[in-house]
Amino acid sequence: MGQSITKNYYHIVFSTKNRQPFIQAPFESTLHAYLGGICNHLDCPPIKIGGYFDHVHLLVLFSKKITLVKFMAELKANSSRWAKTQGDELNNFYWQDGYGSFSVNPSEVDVVVKYIANQRAHHQNKTFQEEYRAILKKYKIDFDERYIWD
């Protein structure tokens, strides 16, 4: 086959260090835009970015030119460094070490977009940790609580 063709959607989730509620308005919309700019720069266009006070969700169309590990390292390092310049209250802004990345069937993209868009309502009843456990269970991922937080 002469041409390499890919279409991989990833739903990526990660939290602030110790789930600190740094992601408040008006910083929230600016952060989401900045994350989107990094995604575009890495040739991984964002479909939807959202989240809540202590975490973000990204749905991206992933490039065949970059590994997930490299993408996440660039995304988190650059956005964390930038966040610290956005005000004294963000001097201690850090992302957690890990992340979750889940493949999305193209026929389910709209479902994930809606899920990300409804984060505020969703988190009136559920913490980030409860949400993340549910995502891991949905994808049938075995996990050890001792290692998934920070």
* Contacts under 9 angstrom Cβ, first residue in the stretch 13-39 being over 22 Å from G98 (Cβ atoms) and open to solvent by 60 Å² or more (accessible area, probe 1.4 Å), partner in a helix (DSSP H, G or I) and not β-branched (V, I, T), 6 or more apart -> Q24/E89
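Residue-wise test of (1) at pLDDT 95 or above; (2) farther than 23 Å from K137 by Cβ.
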site	(1), (2)
P26	no, yes
L31	yes, yes
P45	yes, yes
L61	yes, yes
A73	yes, yes
K76	yes, yes
D97	no, no
S101	yes, no
V104	yes, no
* Is it fair to say Y10 is outside any helix (DSSP H, G or I), at pLDDT 95 or above and open to solvent by 50 Å² or more (accessible area, probe 1.4 Å)? -> yes
* State which residue is farthest from L31 (Cα to Cα) when the search covers only the stretch 76-104 and only residues that are out of contact with any helix residue (DSSP H, G or I) (no Cβ under 9 Å at 6 or more places or on another chain) and touching a residue at least 40 places away in the same chain (Cβ under 8 Å). => S103
* Do you know which residues across the stretch 94-150 are within 23 Å of Y9 (Cβ to Cβ), part of a helix (DSSP H, G or I) and among the polar types (S, T, N, Q)? -> S107, Q119
* Which residues, counting only those in the stretch 27-56, are assigned to a loop (DSSP other than H, G, I, E, B) and either among the charged types (D, E, K, R) or closer than 20 Å to A121 by Cβ (or both)? -> D43, F53, D54
* Unmet requirement for S79, which otherwise passes all of (1) hydroxyl-bearing (S, T, Y); (2) assigned to a loop (DSSP other than H, G, I, E, B); (3) under 24 Å from I148 (Cβ atoms) -> (2)
* Asked: Here are some conditions: (1) under 14 Å from the mean Cα position of the chain (by Cα); (2) charged (D, E, K, R); (3) not in a helix (DSSP H, G or I). K64 meets all but one. Which one does it not meet?
  -> (1)
* Any residue in the stretch 115-138 that's without any contact (Cβ under 8 Å) to a residue 24 or more places away in the chain: show its pairings with residues that are not in a helix (DSSP H, G or I) at Cβ separation under 6 Å, as long as the two are six or more apart or on different chains. => none
* To do: For the stretch 51-88, name all the residues that are open to solvent by less than 60 Å² (accessible area, probe 1.4 Å) and hydroxyl-bearing (S, T, Y).
  => Y52, S63, S79, S80
* Which residue, of Y132, Y115, is open to solvent by 30 Å² or more (accessible area, probe 1.4 Å) and among the hydroxyl-bearing types (S, T, Y)? -> Y115
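The values are calculated or read from the model by the stated rules, or taken from the named source; none is laboratory data. Note that the structure is a prediction, hence the values are computed from the model and not measured. For neighbour counting, all protein chains shown are included, and Cβ atoms are generated from backbone atoms with ideal geometry for every residue, glycine included. These area figures cover heavy atoms from the full protein model, side chains too; ligands, DNA and RNA do not enter into them. Shrake-Rupley method; radii C 1.70, N 1.55, O 1.52, S 1.80 Å.
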